[in-house]
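Following: one structure in structure tokens, then a few remarks.
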Amino acid sequence: MKSPEFDREKLVRQAIAAREKAYAPYSNYRVGAALLGKSGRIYTGCNVENAVYPLAICAERAAVAKAVSEGEREFVALAVTTENAGSPCGSCRQVMREFGEDIIVLISDAEGNYRETMVADLLPDSFSKKDLEEAE
Ligand code: THU
């Protein structure tokens, strides 16, 4: 399948900018995300930590929550930026998967060097609403 055309560098730049907003006083591991909706809008997110450590919200999930709460549910791509191009955590993979296996994921470092993958490759053989429907 042909990869959708969109400005990958622009999305990565937005994730880098969103990372500046990260609230990560406990881990000091700052993460930024930028999620491109099919409407063309971009929703950014950053990690938001808490003194109760397990309550930290990841950047990717912050971006998804922002988009869905603005009425957007179909996505083209998500860029995520960390210092060292860290890969999205398992929880974020599952949350992205809810909205499609074909979402492109750009994983970048703080300089904007990125690699391209997709949700289906990050989370193969995933559980989804289809599994719930088939059980009904
Ligand atoms: N983090 C993210 O924001 N996204 C990920 O995919 C991995 C981890 C955040 C959570 C926490 O604030 C910090 O990075 C260290 O785990």
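State which residue is nearest to the chain's Cα centre (by Cα) when the search covers only the stretch 116-136 and only residues that are part of a helix (DSSP H, G or I) and surrounded by 14 or more Cβ atoms within 10 Å (Cβ to Cβ). Walk me through it before giving the result.
First pass over the stretch 116-136, keeping only residues part of a helix (DSSP H, G or I): 119-122, 129-135.
If we keep only those that are surrounded by 14 or more Cβ atoms within 10 Å (Cβ to Cβ) as well, we get 119-120, 122.
Numbers: Val119: 10, Ala120: 13, Leu122: 12 Å.
The extreme case among them is Val119.
Spot the failing condition for Val12; the list is (1) surrounded by fewer than 20 Cβ atoms within 10 Å (Cβ to Cβ); (2) in contact (Cβ under 8 Å) with a residue 40 or more places away in the chain; (3) not small (Gly, Ala, Ser), and only one is missed.
(1)
Are there any pairs with C-beta distances below 9 angstrom linking a residue in the stretch 82-97 that is within 18 Å of Gln14 (Cβ to Cβ) and touching a residue at least 12 places away in the same chain (Cβ under 8 Å) to a residue that is more than 7 Å from the ligand (Cβ to nearest atom) and of a type in the set (Asp, Glu), with the two at least 6 apart or on different chains, and if so which?
Thr82/Asp109; Glu83/Asp109; Ala85/Asp109; Gly86/Asp109
Please report, ordered by residue number, the strands (runs of 3 or more DSSP E) entirely within the stretch 1-103 with at least 2 residues that are more than 12 Å from the ligand (Cβ to nearest atom) and more than 25 Å from Pro124 (Cα to Cα). Walk me through it before giving the result.
Numbers: elements: 32-37, 42-46, 75-81.
Here the list reads 42-46.
Only one residue in Glu9, Glu5, Glu101, Glu49 is among the acidic types (Asp, Glu), more than 12 Å from the chain's Cα centre (by Cα) and more than 18 Å from Glu116 (Cβ to Cβ), so which one is that? Before the answer, list the steps.
Values: Glu9 fails: more than 18 Å from Glu116 (Cβ to Cβ); Glu5 fails: more than 18 Å from Glu116 (Cβ to Cβ); Glu101 fails: more than 18 Å from Glu116 (Cβ to Cβ).
Among Glu9, Glu5, Glu101, Glu49, only Glu49 is among the acidic types (Asp, Glu), more than 12 Å from the chain's Cα centre (by Cα) and more than 18 Å from Glu116 (Cβ to Cβ).
Which numbered condition in (1) at pLDDT below 95; (2) surrounded by 15 or more Cβ atoms within 10 Å (Cβ to Cβ) is the only one that Ala33 fails?
Answer for Ala33: the failing condition is (1).
The values are calculated or read from the model by the stated rules, or taken from the named source; none is laboratory data. In this text, all values refer to a predicted model and were calculated from it rather than measured experimentally. Here Cβ is always computed from backbone atoms with ideal geometry, including for glycine, and neighbour counts include all displayed protein chains.
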